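Peer 1: What follows is a single structure, and I will ask about it in a moment.
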Amino acid sequence: MSEEFNFQKMLDVARAGDAQAQCELGKAYAEGEIVEQDYKKSLYWFNEAVKNGDVMAIGCLGVMYELGRGVEADINKAIEYYQRAAYENDPTGIYNMGLCYFYGKGIVKENKNRAINYITEVAEAGFVEAMKFLITFYSEHSNFEKSFYWLEQVALTGDDDCQLRVGRCYEKGTSFVEQDKEKAFEWYLKAAEQGNEQAMERVNVYYASKLYDFKMQKY
């Protein structure tokens, strides 16, 4: 099925008043991958989606106002949308409110503790962007155990770069994770199967060295 057909189908459903389709159409125009990028049309469809009760579109409007896409940039207006979305338990809204508190954006005063509470809330619910933020945050604050925990959580979602990094941690062993070459091989293999070239190199080294025959029988 062609992208053009999918887009036309989404457009027809959106015009019929489907809020989810309207939100997806807003994203399509914002991203400019399956249709020519048009922030004005993106803004229009996000607004239509909000009118019809789509919560995700509220947070998307916040992003449009923060970045000035299709509308004059207005961080405080963006924050209003983020707050509305967060109140409706939208992960994107909660995450963006967390960022506002973390960096002290607009009318929101910097509050790192509150920010991390917001971000952790959605990370625990599986929001990958929030998980990745926590990997960096805890690493920069020398809490490598928590950083590794979130690194492994992202790896479990299928992120090949994080799978590679988890493999390296298990291969070398660290102060926060015990060396386990068998687990290292498993993670390298997962990343390699997704085309990660560095992981492929490690898998080839494992095979060539014949040091991991205990694992070879399973694959």
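The values are calculated or read from the model by the stated rules, or taken from the named source; none is laboratory data. The structure displayed is predicted, hence computed values, not measured ones. Cβ sites come from the backbone with ideal geometry, for glycine too, and all protein chains shown count toward neighbours.
Peer 1: Out of 104, 53, report the one residue that is among the small types (Gly, Ala, Ser), surrounded by fewer than 17 Cβ atoms within 10 Å (Cβ to Cβ) and within 25 Å of residue 134 (Cα to Cα).
Peer 2: 104
Peer 1: With respect to residue 176, determine if the residue is assigned to a loop (DSSP other than H, G, I, E, B), touching a Phe, Trp or Tyr at 6+ places or on another chain (Cβ under 6 Å) and in contact (Cβ under 8 Å) with a residue 24 or more places away in the chain.
Peer 2: Here the answer is yes, as residue 176 does meet what is asked.
Peer 1: Right, here's the next one. Check off (1) outside any helix (DSSP H, G or I); (2) within 24 Å of residue 56 (Cβ to Cβ) for residue 123 and give me the number that stays unchecked.
Peer 2: Of (1) outside any helix (DSSP H, G or I); (2) within 24 Å of residue 56 (Cβ to Cβ), only one is false for residue 123: (1).
Peer 1: For the range 13-48, which residues satisfy the criterion of being over 20 Å from residue 66 (Cβ atoms) and touching a Phe, Trp or Tyr at 6+ places or on another chain (Cβ under 6 Å)?
Peer 2: Listed by number, the residues that qualify are 22, 25, 34, 35.
Peer 1: Can we say residue 163 is under 19 Å from the mean Cα position of the chain (by Cα), at pLDDT below 95 and of a type outside the set (D, E, K, R)?
Peer 2: So residue 163 fails the test.
Peer 1: Which one of these is modelled with pLDDT of 95 or more, of a type in the set (Lys, Arg) and not assigned by TED's automatic domain parsing to the domain that holds residue 99: 183, 146, 210, 172?
Peer 2: Every option except 146 fails the conditions.
This table checks each residue for (1) without any contact (Cβ under 8 Å) to a residue 24 or more places away in the chain; (2) surrounded by fewer than 24 Cβ atoms within 10 Å (Cβ to Cβ); (3) hydrophobic (A, V, I, L, M, F, W, C).
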| position | (1), (2), (3) |
| --- | --- |
| 7 | no, yes, yes |
| 24 | yes, yes, no |
| 37 | yes, yes, no |
| 40 | no, yes, no |
| 43 | no, yes, yes |
